[in-house]
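Notes follow once the structure below has been shown.
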Amino acid sequence: MAAVDVIVDNLVTLWRIPAIRQNFHWIFLLISAVGSILKELELVPQTYFSSSRNALNVYFVKVTWGWTLLLLTPFLLLSNSSFSRSASFLGRRLLSLAVATTIWYVCTETFFYIEDATGSCFETDGVDVINKEFTSKASCRRAGFQWNGYDISGHSFILAYSALFIMEETAPMAFLKTASLSALPRMVLNLLYVALNLIVIVWVWMFACTSVYFHDPSHKLLGTICGVLGWYLTYRVWYLKPLSPGLPPQRHAKGLKQHT
């Protein structure tokens, strides 16, 4: 597992660079803006990833939040229990997962509602509204027709938000390198950390693909802004307040007396 240790050390070093952590959210806004321009100018050639049926989209992006929780939940439990076994401390850290899931659910449901409220059901190749009884995208498409509403990009939202969420919750790894962990927990923690970084790479790549291949510019930019705001209002505003889940541990376990 020496190779994994080296990878973990390199990843930790990368994420500790202030410019990367402080500006990571700007990357998504920049990609969304530039990608939208490239799409409108039709400067990007069609590739495997221009099809929504590509494997990464089908098996990962469509269940982005599931993959994020599947990998991040055990990492959060294992890493934070290394800092403190206090039930209240671990409870607050788990609450951050609940808050993030609530943000994901509320935003995606709001996007669906807006698309339904602003849309109409059209013939697939026509421009005439065919039937007022179809008042939602789901019912319209089940009938074999096409729904045209304001489709805020859920992919732009969830991919940006998930990557920023993972960045914040894996930050304690920088202080766990010197923690006294037995071999098995450390191995599991390292593997989860590497997997989470790999999934962030996938999210960023697929975010870029969404930006250059799909949606109208305003749909993507608004989805991206919602994702960035969801992260900013929690980790840069609310979590700094006393009545909140709080930020992930910011220093070595020995210094966390307030959580013990």
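The values are calculated or read from the model by the stated rules, or taken from the named source; none is laboratory data. Predicted model, so just to flag it, every value in this text is computed and none were measured. Here Cβ is always computed from backbone atoms with ideal geometry, including for glycine, and neighbour counts include all displayed protein chains.
Kindly provide the set of residues from region 28-54 that are β-branched (Val, Ile, Thr) and touching a Phe, Trp or Tyr at 6+ places or on another chain (Cβ under 9 Å), ordered by number.
In the first step, residues of region 28-54 are kept if they are β-branched (Val, Ile, Thr); the result is 31, 34, 37, 44, 47.
Selection gives ILE31, VAL44, THR47.
When residues of region 239-260 are filtered for being at pLDDT 90 or above, in contact with a Ser or Thr (Cβ under 8 Å, 6 or more places away or on another chain) and assigned to a helix (DSSP H, G or I), how many remain?
The qualifying residues number 1.
Among the helices (runs of 4 or more DSSP H) confined wholly to region 43-132, which include 3 or more residues that are touching a residue at least 60 places away in the same chain (Cβ under 8 Å) and aliphatic (A, V, I, L, M)?
It comes to 64-83, 87-118.
Being among the β-branched types (Val, Ile, Thr) and surrounded by fewer than 17 Cβ atoms within 10 Å (Cβ to Cβ) is the requirement here; does THR64 meet it?
Answer is no for this residue.
Which of the residues spanning region 133-171 are part of a loop (DSSP other than H, G, I, E, B) and surrounded by fewer than 23 Cβ atoms within 10 Å (Cβ to Cβ)?
Across region 133-171, the qualifying residues are GLU133, PHE134, THR135, SER136, ALA143, GLY144, PHE145, GLY149, TYR150, ASP151, ALA171.
Are any residues in region 1-42 among the aliphatic types (A, V, I, L, M), touching a residue at least 24 places away in the same chain (Cβ under 8 Å) and within 25 Å of LEU189 (Cβ to Cβ), and if so, which ones?
MET1, VAL4, ILE7, VAL8, LEU11, VAL12
How many residues does region 16-54 hold that are surrounded by fewer than 17 Cβ atoms within 10 Å (Cβ to Cβ) and under 29 Å from PRO172 (Cα atoms)?
12
Output the number of residues of region 155-203 satisfying the condition of being touching a Ser or Thr at 6+ places or on another chain (Cβ under 8 Å) and small (Gly, Ala, Ser).
Total satisfying the criteria: 4.
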